[in-house]
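Shown next, in structure tokens, is the structure this report addresses.
Read the figures in this text as sums done on the coordinates, not as results from a lab. This one's a predicted model, so the numbers in the text were calculated from it and none came from an experiment. Counting neighbours? That spans all protein chains shown, and the Cβs are built from the backbone with ideal geometry, glycine included.
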Amino acid sequence: QVQLLESGGGLVQPGGSLRLSCAASGIIVSIYTMNWYRQAPGKQRELVAVISSDGSTNYADSVKGRFTISRDNAENTVYLQMNSLKPEDTAVYYCNAKRLWMDFWGQGTQVAVSS
């Protein structure tokens, strides 16, 4: 059974940092395209960051230069380092794994940026 377990969310002040983790079981993250999505209240879910099986990364324009996605193959975990956080980064963040027809989601972790 596939499980993606996110952690690391919380409340942080503007300008602060958080690191989200997505610990996977039942899949090998290094052969999947691993994604971080987020969904703010009243808004559609949006793709934030991607790390492909070849290690290449892509980011939404709104987070470029502030967020970094990475992968630890030994820990079978994907991370999202978020720096210079803004109130508009407030959302539930979801880990997603895609490969061929397979598409798995975590339960989400809340990030709130507020003073």
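Annotations for the structure displayed:
- Where Glu75 falls short, out of the listed (1) within 21 Å of Gln3 (Cβ to Cβ); (2) under 14 Å from the mean Cα position of the chain (by Cα); (3) assigned to a loop (DSSP other than H, G, I, E, B): (2)
- Considering segment 82-93, the residues that are surrounded by 15 or more Cβ atoms within 10 Å (Cβ to Cβ) and of a type outside the set (Asp, Glu) include one that is nearest to Ala24 (Cα to Cα), namely Tyr93.
Quick grid of which residues meet (1) closer than 21 Å to Ser114 by Cα; (2) surrounded by 14 or more Cβ atoms within 10 Å (Cβ to Cβ):
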| residue | (1), (2) |
| --- | --- |
| Val48 | yes, yes |
| Asp61 | no, no |
| Arg71 | no, yes |
| Leu80 | yes, yes |
| Cys95 | no, yes |
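- Single match in Gly26, Gly55, Gly42 (criterion: exposed (fewer than 12 other Cβ atoms within 10 Å of the Cβ) and within 18 Å of Ser7 (Cβ to Cβ)): Gly26
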